[in-house]
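Shown next, in structure tokens, is the structure this report addresses.
The values are calculated or read from the model by the stated rules, or taken from the named source; none is laboratory data. Since this is a predicted model, take the numbers as computed values, not measurements. Quick reminder, even Gly has a Cβ in these numbers, built from the backbone with ideal geometry, and neighbours come from all protein chains shown.
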Amino acid sequence: MSKFNPYIKHIDTRTLQELCIRYGQLSAFRKGEYLIREGDTYPYFGFVKTGIFKYVSENKAKNRLYNTGFAFPGEFVADYPACIYGMRSETNVQALTRCEIYLCPVERLTALCDQQPGIARINAEQLFLQTYSRYLDLYRLTPEERYLQLLERCPDILQSVPLQEIASYLMITPTHMSRIRRKQSFG
């Protein structure tokens with residue numbers, strides 16, 4: 001599933017992985033358990049060993065939760081700005097399945113970035129590019145095109161992530177998702 005968060009392919013993550021494994025604590029999360037809750041400060045970032053996390057944001061006016069992203073094995077999980085700057089989190093990070101992650105104190109990451117400033121710059125640039133592209137796709141692609149793009153990037157996502165979570169990520173209803181899938185199977 002390493003193609004879901006494409007920023008990973010542009011970053012040499014070995015150093016960050018080693019940092020998490022060496023200085024982090026291996027922690028287990030049950031399905032549905034929160035790593036981070038909106039409004040909390042959380043001075044850790046994690047490297048996902050097993051399982052899947054989802055990022056969930058609440059639209060308070062509509063009283064509705066939206067899935068805004070995933071973190072799969074071999075990827076990192078955090079509310080990056082909140083973690084780095086000691087701010088309150090603006091999102092929830094929840095285990096979608098049973099998960100094991102190495103939780104590393106953010107001080108280790110900032111020390112590494114102070115020693116190797118290029119790491120921080122590349123991380124920030126790649127996260128920005130991914131976020132910017134997703135933002136533009138919400139306007140320039142139809143829901144069906146976003147669905148097909150997701151399947152192209154992550155052909156096995158349907159085997160590991162429930163359809164309602166994928167629909168939420170695509171910002172469509174599960175019913176609309178079913179229509180798109182039905183059209184694709186008969187197309």
Can you pull out the residues in region 101-144 that are among the aliphatic types (A, V, I, L, M) and touching a residue at least 24 places away in the same chain (Cβ under 8 Å)?
101, 103, 106, 109, 112, 119, 122, 127, 129, 138
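Here's the yes/no breakdown for (1) in contact (Cβ under 8 Å) with a residue 12 or more places away in the chain; (2) in a helix (DSSP H, G or I); (3) closer than 22 Å to residue 71 by Cα:
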residue	(1), (2), (3)
146	yes, yes, yes
150	yes, yes, yes
158	no, yes, yes
176	yes, yes, no
So, of the residues in region 117-150 that are among the hydrophobic types (A, V, I, L, M, F, W, C) and at pLDDT below 90, which turns out to be surrounded by the fewest Cβ atoms within 10 Å (Cβ to Cβ)?
128
Can you tell me which residue within region 164-181, out of those that are over 12 Å from residue 147 (Cβ atoms) and out of contact with any helix residue (DSSP H, G or I) (no Cβ under 6 Å at 6 or more places or on another chain), is surrounded by the fewest Cβ atoms within 10 Å (Cβ to Cβ)?
175
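To keep it simple, each residue is scored yes or no on (1) exposed (fewer than 13 other Cβ atoms within 10 Å of the Cβ); (2) modelled with pLDDT of 95 or more.
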| position | (1), (2) |
| --- | --- |
| 23 | no, yes |
| 32 | yes, yes |
| 36 | no, yes |
| 52 | no, no |
| 65 | no, no |
| 72 | no, no |
When region 44-62 is checked residue by residue, the ones that are over 15 Å from the mean Cα position of the chain (by Cα) and of a type in the set (A, V, I, L, M) are 61
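Looking only at region 61-98, how many residues end up being without any contact (Cβ under 8 Å) to a residue 60 or more places away in the chain and under 19 Å from residue 170 (Cα atoms)?
6
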Where residue 38 falls short, out of the listed (1) over 25 Å from residue 172 (Cβ atoms); (2) in a loop (DSSP other than H, G, I, E, B); (3) in contact with a strand residue (DSSP E or B) (Cβ under 6 Å, 6 or more places away or on another chain); (4) not hydrophobic (A, V, I, L, M, F, W, C):
(1)
